[in-house]
Amino acid sequence: MRYSVEIKKFLYSQYFYGGLRIAVGISLPAVLMLVIFDNRELGFTISTGALSVCTVDMPGPLKYKHNEMLTCSLLGFLVAIMAGIATANPATLWLTVVALTFVLSMLVVYGFKWPQISFAALFIMAVTFGKHFTPSEALINAAWIGVGGLWYTYWSTLVSGWQSHRLEQQAIAESVFATAEYLRARANFYELENELDECYRQLVTKQITAVDLQDAARDIVLRNLPNLRAGKLDGQRTMLFNLFINIVDLHEMVVAAHTDYVLLRSTFGGSDVMIFFRDLLRKIAHDLETVGLAVLQDQPLQPQARIKAELRAIEYEIEVMRKKHLPDKHPEAYAALVATCRRVWSLSRLIDRMRSNTRMEKSSLKTEINLDQMLQDFLQHRKVSMAQIFSNLTLTSPSFRHALRVTAAVAFGFWLGKLLPLTNSYWICLTSIVILKPGFSLTKQRNMHRLIGTGIGCALSVVLITFVKSPHTLLLIMFTCMVMSYSLLLFNYPASVVFTSSYVLILYHLLAPESMRLIGERALDTAIGGAIAVAMSYLFPYWEYRFMGPLVKNVIGSIREYFEAVRSINEKLANNARAWLNSAVSKASVSSLLAERDLRYRLARKNMHIAFANLGNAFSRMILEPKSQQKFVAELNDLLIQSHVLAAQITSAAPLIAAIESTNKPALAHALTVIDSNLAQAEASASIPDKPQAGEVDNHANDTPQPERIEADADTHTSSSERLDMIKALSHELDSMVVNAQQTEAVPAEMVQDLKLLAHQCKQMITVSQLIVKDASVIRLPAN
C-alpha cells in the first residue's frame, strides 16, 4: 500500500474536512462559555445540542442538509422539554421514555437522513433523563439545547456554503478513486494465479462501492447545475459537471472492458499479452488516481503514467498473432483480444479529456451533455407523509419491529440502570440506541465494533491520563480525538469508536480529575448496553432475506430496461439519421431527439447500477446473519455475478449493436430477441413469492401467483437439453451470419471483424441470460 497517497486522500477528503467542521462546531460553544462567562455547565449544555445535530451533518446537498439539521434542532428541543419535565417523577419518567423511544424510533420509516434524526432525538432524550429538573429548569435546559442545535445548524451551513465547490470536488474525487479500484479489480483477471470466482467476488464488491459513491456525487452535482452569468456558464461548476459526466462515462467504459476471461486464459494463458494487459490496466488505474488527487487538492494535474510501452507491446503481440493466422484458428478469442485493446485505449483517451477539462480556461468550457430538465429524473425526490408512520404500525413492517426492539432495550436498560448501583442508566440506554439498527447483521457488527473500540479507547485513556498531566495537552489530544472520531465514522467505525471513547473519557477526567473510577464504569455500562442490544436484536427480528425478493426482481427488470434502451436508442439513431438525410426533419430536431435518447439511456444505466448495488448490499448484510436465516446464498451470489457480467456484456456490445443491427441481420435480431425474452422470463420468475415456512406467520397471504405467473414459472423449468439445443441453434445462426458476411465482397473487412465479435458476445449474453433464468427460477423469496 502506498501510505503517502492514502494519507493525502484522507487529509483532503470530505471525511476529514467534515470531522474538522464537526469538532470545531461542537467544542467552540463550550470553550467560549468557559473562557468568556466562566460557565462550564452552560457551555456543555449548548455543546450537547450541537453534538446531537452533528449526526445529520453528512455529505450531501446543502439545501437538504440545512433543512434536516433545522428539523433535528426543533425535535431535540421538544424531546428535551418532555424528558426534562418527566424527570420529576420516576414512574412518569419511565413511561415518557418508553413512549418517546417508540415514536422517535418509528421515524426511520422515512429513510434518507431520518434514521440519523431519530438517533439525535434519542440521544437528547438519554442525556436529559440522566439528570433531575424542575419544570422551569427543564424549559431552560431545552432552550439551551435548542440554541446549541441552531448554532451548529448555521455554523455547518455557513462553512459548507463557503466550501460548496470543495464539497463537490471531494464527492467527485471519491467516485474517481472508487472507479480506479474497480479498474484494478479488472486487472486481476489477467493474472492466471488468481481464481476467477474470487476475482468476480472482488469485482462485485468494488462495483457496489463505485455505484454508491457515484450516486452520492450525482446527488450533489445535479442539484448544483451550472448557471448562466453574464451570458456564460459558471466556469467552476461547468468543470465539475463535466468531470462528473466524464467519470460516469469512464465507469461505463471500465464495465464494458469485460470480456470472456475463460476464453482469453485458455487461448493466451502462456503469452506475454496477458501480463501487458494487467500492467496496462494498473497503470491506467494509477493515472486515474492522480486525476482524483488533483481534483481533491485543487491543483494542476501531474504528468500521467506512461502507457505507450504497454500499448505498443500489445499491438505488437496482436500483429504477431495475426501473421500466425490466429484469426482463422481462434476467431472469437482474437476478436475479444482486439476489442479489449480498443476499449483500454479508449479509457486512456477519456482520462486525457478529463485532464483537458481541468486545464481549459473556465470561461470557454461547455457542458459535456446538454443541460436538460430531464436531468432531474436522475435524482431521488424526498417526500414525508405522516400517514406513512400509521400505515407501518404492523408487525409486517420492519420499521415497526425495529421500534419495538429499541423501546424494549431502552425500557429494560433504564430499569436495570436504576437497579444496579455502579451503572448509569442513560449510558446503558445510549449504548443500546447506538448499537441497535433495523437489520440484525448491522446490530451484530456494531456491537462487536463498539465493545472492542470502547475497550481500546478506555485503555488508551488510562495511559494518557496517567502519563500526561498538562490539562492543555490533554485538551489538544481530546480535540484531535474528536476530529478523528467524526472523520472515520462513515468508513471505519471501529477506529471511530476508539477515538470517541478516548475523547469522552478525557473530557470527563478534565471535568472531574479525581474520578478515575469513571473509566471503569463507562466500560461496564457499555458492556451491559451492548449485551441488552444483542439480546433485543432477537426480539421481533426481520431477517434480511425478507427484503430481497423485490430487489432481485428490480435487478433483473432494470437490466432488461437497460437492454431495451440500448436497442431503442440504436433504432432511433438509424431512423433519425435516415429522416435527416431525406430532409424529413431538420438537423436541430434530430440533435434534440438524440440528446433526449442519450439521457434516457443514461437514466436506464443509472437505475440498473443502483438496483445492482442495492441487492449486493442486502446480500452482504444477509451473510452476516445466522446460518438458519440465510436463504439461497449460492443462487443469489451467482445471480449477482451473472447480472454484473450481463450488464457488462450489454454495455460492451452496445456500440456494435448500433453499427450492425440496422443492417438487417435476422440472426442478430433473433439473438437479441431471445436475450430479451430470457430476461422477461427471469423477471416473471422473480415475481413469484415464497410460501411461508412451517410455524411462520403468513404475511404474504394475498400474494397468490396469478395465472400468468404460474405460466411463467412453468416456462422456467424447460429441460437442460432443450436449452442447450436452443443455444446451439442460435449459435449456428450467428456463425452462418458471419460466414455469409465473409463470403460477400461488399461487406468491409472491418465490419466482418465486428460481426465476429458481436456474434461471440451474443452467444455469451444468451448463455448468461439463461443462467439468470435458472437462478431466478430457483430463488423463492417473500414479495415483502
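The values are calculated or read from the model by the stated rules, or taken from the named source; none is laboratory data. What you see is a predicted model, and the numbers here were worked out from it, not measured in a lab. As a convention, Cβ positions derive from the backbone with ideal geometry for all residues, glycine included, and neighbour counts pool all protein chains shown. Ligands, DNA and RNA are excluded from the accessible area calculation, which covers all protein heavy atoms including side chains. Shrake-Rupley method; radii C 1.70, N 1.55, O 1.52, S 1.80 Å.
Quick notes
- Averaging Cα coordinates gives a centre for the range 447-486 and one for the range 1-31; these two points are 17 Å apart.
- Calculated log₁₀ intensity ratio I(q)/I(0) where the Debye formula runs over C-alpha points of the range 84-198, q = 0.13, 0.14, 0.17 Å⁻¹: -0.75, -0.80, -0.96
- In degrees, nearest ten, helix 196-221 long axis to first principal axis of the chain (Cα): 70
- Modelled FRET efficiency - R0 45 Å, Ile623 with Thr480, Cβ distances, 0.05 increments: 0.80
- In a simple Cβ point-charge model (Lys, Arg +1; Asp, Glu -1; nothing else charged), the chain has a dipole of about 1600 debye relative to its Cα centre.
- Estimated at the nearest 10 Å², the accessible area of Lys8 is 100 Å² with a 1.4 Å probe.
- Taking 0.36 nm per residue of separation and subtracting the Cα-Cα distance, full extension of the segment from Lys131 to Phe412 would add 99.3 nm.
- Between 0 and 90°, nearest 10: helix 587-622 axis offset from the chain longest Cα axis: 60
- Dipole of the chain, positive end: most advanced residue of Phe133, Leu755, Val79 [Cβ charges, Cα centre]: Phe133
- Surface share of carbon and sulfur [accessible, 1.4 angstrom probe, percent] for the chain: 60
- Using alpha-carbon coordinates, inclination of helix 720-743 to the longest axis of the chain, degrees: 50
- The range 146-195, Cα convex hull volume normalised per residue, Å³: 85
- Each label point was placed 7 Å from the Cα along the Cα-to-Cβ direction; for Ile452 and Gln380 their separation is 2.9 nm.
- 26 Å Cα-Cα reach of Lys329 towards lysines, excluding residues that sit fewer than 8 places from it in its own chain: Lys665, Lys728, Lys756, Lys763
- Computed from Cα atoms alone, the Kirkwood hydrodynamic radius reported for the range 159-242 is 14.7 Å.
- Note on the range 87-128 and the range 377-415: Cα centroid distance 12 Å, given to the nearest whole angstrom.
- Accessible area per residue for the chain is 45 Å², calculated with a 1.4 Å probe on protein heavy atoms, without ligands, DNA or RNA.
- Exceeding the 27 Å Cα-Cα cut-off - candidates Lys206/Lys774; Lys553/Lys606; Lys9/Lys444; Lys206/Lys444; Lys283/Lys366: Lys9/Lys444; Lys283/Lys366
- For Ser537, nonlocal amide neighbours, meaning residues 5 or more places apart or on other chains whose placed amide H falls under 5 Å from its own, do not occur.
- In nm, spacing of pseudo-spin labels at Val468 and Ile7 (7 Å Cα→C-beta vector): 1.9
- Summed over qualifying helices (DSSP H, 4 residues or more, each -39500 (n - 2.57)) and divided by its residue number, the chain shows a 222 nm mean residue ellipticity of -26000 deg cm²/dmol.
- Surface accessible to a 1.4 Å probe, His286 within the full protein complex, Å²: 80
- Only protein heavy atoms count here; on that basis, with a 1.4 Å probe, Ser736 has an accessible area of about 40 Å².
- For Ile275, Ile220, the ranking by accessible surface with the largest value first comes to Ile275, Ile220, using a 1.4 Å probe.
- Using 0.36 nm per residue and subtracting the Cα-Cα separation, the extra length available between Ser721 and Leu510 on full extension is 68.3 nm.
- Part-to-part distance (alpha-carbon centres) for the range 237-301 and the range 723-784, which is given in Å: 27
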